[in-house]
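All remarks here apply to the structure that follows.
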Amino acid sequence: MAASINGVGGVGFGGLTCSTKTPLPSSRSSSFRVQMSVPVEDKKRNYTLQKSQEAFNAALNLMPGGVNSPVRAFKSVGGQPIFMDSVKGSHMWDIDGNEYIDYVGSWGPAIIGHADDEVLEALAETMKKGTSFGSPCLLESDLAEMVISAVPSIEMVRFVNSGTEACMGALRLARTFTGQEKIIKFEGCYHGHADPFLVKAGSGVATLGLPDSPGVPKATTSGTLTAPYNDIAAVESLFNSNEGEIAAIILEPAVGNSGFITPKPDFLEAIRRLTKENGALLIFDEVMTGFRLSYGGAQEYFGITPDLTTLGKVIGGGLPVGAYGGRREIMEMVAPAGPMYQAGTLSGNPLAMTAGIQTLKRLKAPGTYEYLDRITRELVQGILNAGKKTGHAICGGHIRGMFGFFFTEGPVHNFDDAKKSDAAKFVRFYQGMLRKGVYFAPSQFEAGFTSLAHSPEDIQKTVAAAENVLSKI
């Protein structure tokens, strides 16, 4: 169960075999009338992003920065965003007809592959009954039972619509339960765009080089204390200087928003000990790691049980979703059972619940996480070997279906270490890989994701492309 960081050992393939299916043509249209993709069967063509450029130019007049989430803007990797037309399995097709092996996976949810046939079939049946009820439905309880049985810390759960909502709810709940206001978060960890979390945050905040977000009142963040990830002495110091005032520690148990960074041995255990000694709650933000590092998430993988857990991404099977849960005595403080108010119009909607149920059923199958581990290990080892073979400083690692690499000798234990990565080299590598048909996250400070739909052939093509690109930059 050991994490593979800053160098990995080789293993062969085995277990499941998967294939990629051609997506159905899209019938989407837009006011600026960009022609959609050419047939995907016509794979021999020059790489062009002309239609994506036209689409982006139009979008700039319609949406801030032309996108609905900042990291999609490609600001840290150059060029314009790529407008996607369709996805299936482990592959994506853009509106210019270019095909990519995808390692973003819609930023994590697509763990069984994009547009899975069984998920789509279940969604079609659910849609016949309606898309949103605004009242309780049986599907909510079905998914809640699955989450509670899987995640060690969760005895009760509340569904919301995003990871940001989940972290907001968990933080408010921790403050309600403890009666304290201060929280500790870690530099480079991202817990959504709620005001208290936008202090030394990762993800798009790090990608764009923003120190903190304007518009966040100082009073909102005055109770947010920060420490370097993997630095237990810094956490001890914060507890000592804020004795009896800290409500909770919130962290990504394995970081995905500063690139991929794993905890040092005993780090999580020490954090768990400190929270108990100081009467604070421990919140694991498992929006990325939940159901990805193992069926029970990072807490099952590392054997550390927090008081509260936030989830998202995988549990919605690609539809908007989030959740927070924990010990019964804590969760019973959430309205209407208790005094802490939180609500949501579309929370627990039948479509997200259906996709989540079908996805978790697939993940429970024997061999799932062993397969993810094998293909991701082969991918990361191949990229690291290619980097070293071509004379580049590079380090990286993986756990199951989550991975990352940095253009630095390493090791990388925190956000400051991650910032030592050669950002200019990453841009050249990224653009080269796009032209080879490989789609990584458009930021050095984002983790990558594999899925059950990735085949050994996908991995071999990716490694070969990486060696080719690295030999030229």
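The values are calculated or read from the model by the stated rules, or taken from the named source; none is laboratory data. Fair warning: this is a prediction, and the values are worked out from it, not measured in the lab. Positions of Cβ are backbone-derived with ideal geometry, glycine not excepted, and every protein chain shown enters the neighbour counts. All accessible areas refer to the heavy atoms of the entire protein, side chains included, with ligands and DNA or RNA removed. Shrake-Rupley method; radii C 1.70, N 1.55, O 1.52, S 1.80 Å.
What pairs from LYS388/LYS472; LYS388/LYS419; LYS88/LYS461; LYS276/LYS364; LYS313/LYS436 go past 23 Å between their alpha carbons?
LYS276/LYS364; LYS313/LYS436, as the Cα separations exceed 23 Å there.
Run through the DSSP bridge list for the chain and note the antiparallel percent, rounded to the nearest 5.
Working: 29 of 46 bridges.
The answer is about 65 percent antiparallel.
Just to confirm the number: angle between the C-alpha axis of helix 50-59 and the first principal axis of the chain, 0 to 90 degrees, nearest 10?
40 degrees
What length, rounded to one decimal in nm, is gained on full extension from GLU155 through to THR220, with 0.36 nm per residue of separation minus their alpha-carbon distance?
Working it through step by step, the gained length comes to 20.4 nm.
Can you give the charge dipole size of the stretch 352-431 about its Cα centre, rounded to the nearest 20 debye, using +1 on the beta carbon of Lys and Arg and -1 on the beta carbon of Asp and Glu? All intermediate terms of the calculation are to be shown ahead of the outcome.
On the way: 12 positive and 7 negative charges, 53 e Å.
Roughly 260 debye, rounded to the nearest 20.
For the stretch 117-364, take the alpha-carbon Rg, divide it by the Kirkwood Rh, and send me Rg/Rh.
For the stretch 117-364, the value is 0.97.
What's the Kirkwood radius of the chain in Å, using all Cα pairs?
Values: mean 1/r = 0.0439 Å⁻¹.
Its Kirkwood hydrodynamic radius stands at 22.8 Å.
For LYS389 and GLU457, FRET efficiency with R0 = 30 Å and r from the beta-carbon atoms, rounded to 0.05?
For GLU457 and LYS389, the calculated efficiency is 0.90.
For MET127 and LYS361, what does the FRET efficiency come to when R0 = 25 Å and r is the distance between their Cβ atoms, rounded to the nearest 0.05?
My answer for the efficiency is 0.85.
Work out how much length LYS264 to LYS276 would gain on full extension: take 0.36 nm times their residue separation and subtract the Cα-Cα distance, in nm to one decimal. Numbers along the way, then the final one.
Values: separation 12, 0.36 × 12 = 4.32 nm, distance 1.99 nm.
Net length gain for the segment: 2.3 nm.
Less than 12 Å from a label point 7 Å out along the Cα-to-Cβ axis of GLN50: which backbone N atoms in the stretch 430-456 qualify, by residue?
No residue passes the distance filter.
Any chance you could give the angle, 0 to 90 degrees and rounded to 10, that helix 138-150 forms with the longest Cα principal axis of the chain?
Between helix and principal axis, roughly 80 degrees.
Just the number please: accessible area per residue for the chain, 1.4 Å probe, all protein chains included, in Å². Write down the numbers at each step before the final one.
Numbers: 19540 Å² over 473 residues.
Per-residue accessible area for the chain comes out at 41 Å².
Accessible area of the chain with a 1.4 Å probe: how many percent of it is carbon plus sulfur?
Details: 10140 of 19540 Å².
Carbon and sulfur atoms account for 52 percent of the accessible area of the chain.
If one takes the longest principal axis of the Cα atoms in the chain, at what angle in degrees, from 0 to 90 and to the nearest 10, does the Cα axis of helix 423-435 lie?
50 degrees
Dipole of the stretch 117-364, Cα-centred, from +1 at each Lys and Arg C-beta and -1 at each Asp and Glu C-beta, to the nearest 20 debye?
My answer is approximately 220 debye.
Could you tell me the distance between the Cα centroids of the stretch 358-381 and the stretch 391-455, to the nearest Å?
After rounding, the separation between the Cα centres reads 20 Å.
Order these peptides, 284-294, 412-422, by their mean beta-carbon neighbour count within 10 angstrom, highest first.
Working: 284-294: 29.6, 412-422: 20.1.
Ranked by mean Cβ neighbours within 10 Å, highest first: 284-294, 412-422.
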